[in-house]
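Please treat every number below as a calculation from the coordinates, not as lab data. This one's a predicted model, so the numbers in the text were calculated from it and none came from an experiment. Glycine gets a Cβ as well: all are built from the backbone with ideal geometry, and neighbour counts include every protein chain shown.
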Amino acid sequence: MFGLTPFSAEWSNGRNVKSRADKLIILVLSAAGLSLSACNGQETKKAIPAEEIFPVQTVAVQTGNMLRTLSVVGTVRYRRETPLGFTTSGKVSAVRFNEGDNVKRGALLAALDTTIVGADLSVAEAERARAQSEFARIAELYKEGWVTKARYESADTAAKAAGARVSQARFATGTSQLYAPSSGTILARNVEPGQVVAAGMAAVILGQADQGFIFRVPVTGRDASQLRAGMTAEITLDAVEGGPITATISEIEGQANAATGAFTVLFRLPAQAKLRAGQIGTASIKLPAANDGAMQIPASALFGVRTGEGLVYVVDAKTSRVETRNVMIERVMDDFIIISGGLQPGDSIVVSGGEKLRTGAKVRPIAVTR
């Protein structure tokens with residue numbers, strides 16, 4: 001019994017030690033499990049961030065049949081700008097006005113040296129006197145039957161021709177001086193005293209004040225085809241105070257400029273004391289609706305612009321998400337774009353608030369009217 005007691009006690013103590021170790025392991029595992037459970041619980045309770053929804057303004061795509069305003073830059077000009085020249089060649093003896101000078105009707109503008117034209121008139125008058133004297137002598141002989149009818153008619157023709165040369169020389173003498181056909185402004189002075197000029201050369205160009213002023217603007221062929229004489233426009237000139245001037249189309253040139261392809265449109269301006277040739281301004285023309293089927297979108301809807309094309313955001317009505325759409329640009333107007341492809345009438349496009357958008361972003365569209 002004495003030998004078993006220590007063994008029994010030792011075994012008993014060993015069993016107790018193992019029991020305590022097992023309990024310790026269980027406690028550690030339980031703590032780990034509780035910690036893991038706690039962590040899982042925290043992850044489960046963590047909130048999932050909500051998808052950001054972007055507020056945007058949208059418009060529906062429409063066909064380009066709305067009234068629009070065309071703004072073009074032009075210049076004020078005299079309605080009649082008349083080149084004045086001499087009917088014969090000669091040497092300029094005097095030029096009395098400079099460019100920009102105002103002249104009165106009948107004022108002497110320039111003159112040729114009359115030495116040559118005066119001599120031509122004298123020669124013509126002398127020839128006429130000789131031819132008339134010869135005709136008178138032949139006429140007497142013809143009555144008496146000494147000369148033939150052919151000789152008589154030849155003398156008559158020579159006398160008439162001499163008279164015509166006198167008239168021609170007298171006309172050249174009269175037109176050797178240039179007089180202003182109306183009051184106005186010298187727009188160009190092309191000759192100087194002592195200069196030899198050819199017949200028909202424009203010595204000066206006169207802007208005739210009694211014909212008033214016009215406003216000339218270049219318009220592209222497509223827009224020009226929608227304009228008609230009598231249509232109105234608002235002309236804004238920096239040099240003329242008091243607001244825009246209402247003017248009407250008086251003429252549309254029938255042929256486009258060979259260099260630019262634009263047609264010149266003339267607006268008749270009402271009388272204004274401050275109007276001057278050469279003033280620059282802007283004409284705002286209201287064009288009629290064009291039912292050509294083209295679509296128009298606000299310029300603010302376009303981004304990523306390249307040559308002839310750009311991008312827009314289109315909103316899906318079912319999902320309220322946006323997609324990127326490529327559009328073909330046909331024309332760029334003042335506040336909107338005419339496009340020829342990429343969209344359909346009725347498509348809802350973003351016009352404001354698209355700075356943070358990406359393809360697939362969700363939006364809260366706010367429709368705006370145009």
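Before moving on, here are some points about what is shown:
- Cα→Cβ-extended label distance, 7 Å offset, between residue 256 and residue 367, nm: 4.0
- Neighbourhood charge, 14 Å Cβ-Cβ cut-off, centred on residue 154 and excluding it, Lys, Arg +1 and Asp, Glu -1: +1
- Phi-based couplings in Hz for the range 121-128 (Karplus 6.51, -1.76, 1.60; Gly and Pro marked x): 5, 5, 5, 5, 5, 5, 5, 5
- Net charge, residue 268 excluded, C-beta distance under 13 Å - Lys, Arg +1, Asp, Glu -1: +3
- Reciprocal mean inverse distance between Cα atoms of the range 168-234 - Kirkwood radius, Å: 16.1
- Projecting the Cα atoms of 344, 229, 264 onto the charge dipole of the range 226-370 (Cβ charges, centred on the Cα centre) puts 344 farthest toward the positive pole.
- At R0 = 41 Å, FRET efficiency that the Cβ-Cβ distance of residue 99 and residue 156 yields, to 0.05: 0.20
- Scanning residues 5 or more positions from residue 90 or on other chains, those with amide H under 5 Å from its amide H are 197, with H placed 1.01 Å from N in the peptide plane.
- Cut-off under 5 Å, modelled amide H: who pairs with residue 70 long-range: 285, 286, 287
- Rounded to the nearest whole Hz, the Karplus-based 3J(HN,Hα) values (6.51 cos²θ - 1.76 cosθ + 1.60, θ = phi - 60°) of the range 270-285 follow the sequence x, 4, 9, 5, 8, 6, 9, 5, x, 5, 9, x, 10, 9, 9, 10, with x at glycine and proline.
- Extension reserve of the residue 164-residue 141 stretch, reckoned as 0.36 nm per residue once the Cα distance is removed: 5.8 nm
- Under-5 Å amide H pairs with residue 85, H placed in peptide plane, nonlocal only: 203
- Separation of the residue 73 and residue 248 label points, Cα + 7 Å toward Cβ, nm: 3.0
- Computed P(r) (all Cα pairs; the range 81-206; 5 Å bins; percent): 2, 11, 17, 14, 12, 9, 8, 7, 6, 5, 4, 3, 1, 0
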